[in-house]
Structure formats: C-alpha cells, structure tokens
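Okay, structure first, notes after.
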Amino acid sequence: MSVTNLAYIHISETDKGSWAQFGGAILGLMPIERAGFGDNTFLKMDDAPFRVMVSVADEGKLLATGWDTGSQAGFDAMAAKLEAAGITVTAGDSNGAALRCVEQYASANDPAGNPFEIFHTRTSCADCDVPFASPTGIKKFVTGDMGLGHAVIPAPNIDETHAFYTDVMGFGNSDDLRLAPPAEGAPELRILFMHASNARHHSLALANFPHPVGIVHMMVEVTSIDEVGECLDRVSQAGIPLLSTLGRHCNDNMVSFYAIGPGGIAVEFGYDGLQVDDWSKFTATQSTEGDFWGHAYQAMPS
Ligand SMILES: [Fe+2]
C-alpha cells in the first residue's frame with residue numbers, strides 16, 4: 001500500500017498573480033481561472049484539472065503536497081494507517097474537495113510538521129476541462145501516472161520523518177545522499193530520496209535542515225534540453241534569481257537548474273530524469289556526490 005504519485009501541490013503567494021506570471025510566462029505552465037474560486041490561482045501541466053494551486057496569504061509557503069491514493073479503497077486504507085500511527089487526520093469537506101478537483105481528501109501533518117493531503121479520484125469542472133496549452137510552447141511536461149514531479153521538504157528530524165513516509169505512507173527508498181558540511185563546524189547535509197508507486201526516481205525527498213517557506217524546492221520536468229535552456233533564458237531575462245545553475249544530478253540523472261519563484265519557493269526545471277520500470281530490481285543507493293557537473297548553488301539553504 002502506497003500513494004501512487006504527487007498529483008498536486010498547494011502553495012501561497014502574497015500578491016495574487018505573481019505565480020500566474022512566474023508559473024505561466026516563465027515556466028510554461030497554463031494558468032486557468034475558475035469561477036467561484038477566484039481567490040486562487042490554478043496552473044495546469046497536462047490533462048489533470050490542475051497541478052499547482054496558489055492561494056493568497058500573508059507569506060509564500062507550502063500549504064500541502066497532494067498525494068493520490070489511487071482509489072476509494074486505497075484512500076480508506078491510508079487514512080486508517082495514518083490514524084493507527086497516531087497522526088491526526090482531518091477529513092476534507094465538499095467545498096474543499098471541489099476546490100481541489102478531487103472526490104474525497106483528508107489533511108494531516110508529517111512528523112516534521114509538513115502539511116500534506118491524501119485524496120482519491122480527480123474530478124473535473126468546466127473551467128479545468130480545457131486542453132493543456134503552454135503559454136511558452138512547452139510541448140509536454142513529464143507527468144501522467146508519475147504525477148507533477150517531485151517535492152523536497154524540510155525534516156530536521158529526518159530519521160523519524162523518513163520512517164513515517166516509508167513505514168506508514170509506503171514510500172520506497174531511492175537514494176541516501178550525504179554531503180560534506182558547507183562550512184567547517186556546520187552539520188552534514190543529508191537528503192533522503194523516496195519513490196511512490198510510479199517510475200519516477202523520486203516523488204519526495206526529505207532534507208535534514210529547516211526551510212523558511214516549508215519546501216526546499218518542487219520539480220517539474222520537460223522532454224528536451226532545449227526547453228530547459230529556453231526556460232533558463234526566460235528566467236535570466238526576467239531577472240529572476242537562481243538557486244542553482246544548470247547541472248546534472250547523479251542519483252536521478254536530471255539535467256536541471258533551479259529558479260527562485262515568488263515568495264522564495266524554488267522550482268527545479270529539468271529533463272532526462274531517471275525512470276525505474278521495475279522497483280523490485282532496484283537497489284537503493286547511498287551517495288556522497290550530488291552532481292556529475294554543474295548545479296552551483298547561489299544561496300545555500302537556510
Ligand atoms: Fe529536485
């Protein structure tokens with residue numbers, strides 16, 4: 001029993017429209033307006049109703065990762081497992097379900113305090129049920145059964161939080177990355193990468209440091225290096241700060257760069273990410289190098 005994929009992500013912005021601009025004109029996601037939910041911004045990446053929901057708040061931060069449990073039975077079983085593990089599960093109401101375009105959902109926090117949601121069955125609405133068309137001409141995002149991409153979230157209590165995601169939520173281990181401290185006397189950096197029940201190398205990773213916006217980064221993937229380069233051009237021309245330069249990761253082979261979006265929420269924009277078709281033949285790795293080349297971090301995580 002596991003979640004199938006990271007189906008949506010819910011974040012906040014202080015200025016309505018800032019994520020429509022960044023997500024649309026820079027990243028190439030498709031902003032849509034939804035009647036009755038006008039305080040929120042929705043970004044489509046494919047034929048799912050939307051993949052990113054942005055609400056207006058006093059600060060930009062992660063409001064929830066949204067995990068698909070696959071079915072009513074999967075949802076019920078996961079909710080029961082969470083409660084058996086002592087996690088407080090709050091059932092979502094019909095308004096919240098309509099907002100998320102899901103049949104049923106529930107909210108909870110992981111042992112590090114990160115908010116997440118489980119749901120089953122995406123629904124649609126007239127405003128969401130439009131063909132995906134990227135404002136910047138992105139041919140397609142790598143999504144479908146693999147969800148929107150991945151999220152890396154903070155977990156200073158990394159062992160406890162990792163045990164929760166593997167033992168209760170059913171994630172599998174992909175890589176355990178330990179990096180030398182960025183400065184003498186600083187703690188080791190550790191990131192634990194986990195996969196859901198889909199081929200993407202990791203749908204979730206935990207970093208062993210706190211983060212002011214509750215998410216270290218989210219990742220979206222395209223199908224060509226040219227679309228990565230063209231997006232990097234748009235980022236540069238708009239004067240948007242980079243969290244990291246272009247590079248290729250060792251563990252998932254992703255060629256990507258990281259831009260810092262509105263509110264300080266970073267987005268990894270990449271292509272060529274590793275897909276594992278048969279996890280039973282995969283052995284989780286332990287790494288001490290993050291990158292084959294590139295990925296010079298412009299600002300270390302705080
Ligand atoms: Fe990433």
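At a glance:
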read-out: The chain, accessible surface, carbon-and-sulfur percent (1.4 angstrom probe); value: 52 percent
read-out: Whole-number accessible area per residue in Å² for the chain, which is evaluated in the context of all protein chains at 1.4 Å; value: 40 Å²
read-out: Residue-averaged 222 nm ellipticity for the chain, from DSSP H runs of 4+ at -39500 (n - 2.57), nearest 500; value: -4000 deg cm²/dmol
read-out: Computed E for residue 283/residue 77 - FRET, C-beta separation, R0 30 angstrom, nearest 0.05; value: 0.60
read-out: Formal net charge of residues neighbouring residue 263 (Cβ-Cβ distance under 11 Å; K, R +1; D, E -1); value: -3
read-out: Length added when fully stretched, residue 224-residue 85, from 0.36 nm per residue minus Cα-Cα; value: 45.8 nm
read-out: Residue 240 paired with residue 296, simple spin-label distance in nm, labels 7 Å along Cα-to-beta-carbon; value: 2.1 nm
read-out: Relative contact order computed over the chain (Cα-Cα under 8 Å; 6+ residues apart), in percent; value: 19 percent
read-out: Sequence-separation-based contact order of region 1-108, relative, with Cα cut under 8 Å and 6+ spacing, percent; value: 30 percent
read-out: Spacing of the two label points (7 Å from each Cα toward its C-beta) at residue 188 and residue 167, in nm; value: 2.1 nm
read-out: Candidate lysines for bridging to residue 16, where Cα separation is under 18 Å - those fewer than 8 sequence places away on the same chain excluded; value: 44, 61
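The values are calculated or read from the model by the stated rules, or taken from the named source; none is laboratory data. Everything numeric here is computed off the predicted structure, so don't read it as measured data. Neighbour counts run over all protein chains shown; Cβ positions are idealised from the backbone, glycine included. Areas reflect the complete protein model, heavy atoms only, side chains present, ligands, DNA and RNA absent. Shrake-Rupley method; radii C 1.70, N 1.55, O 1.52, S 1.80 Å.
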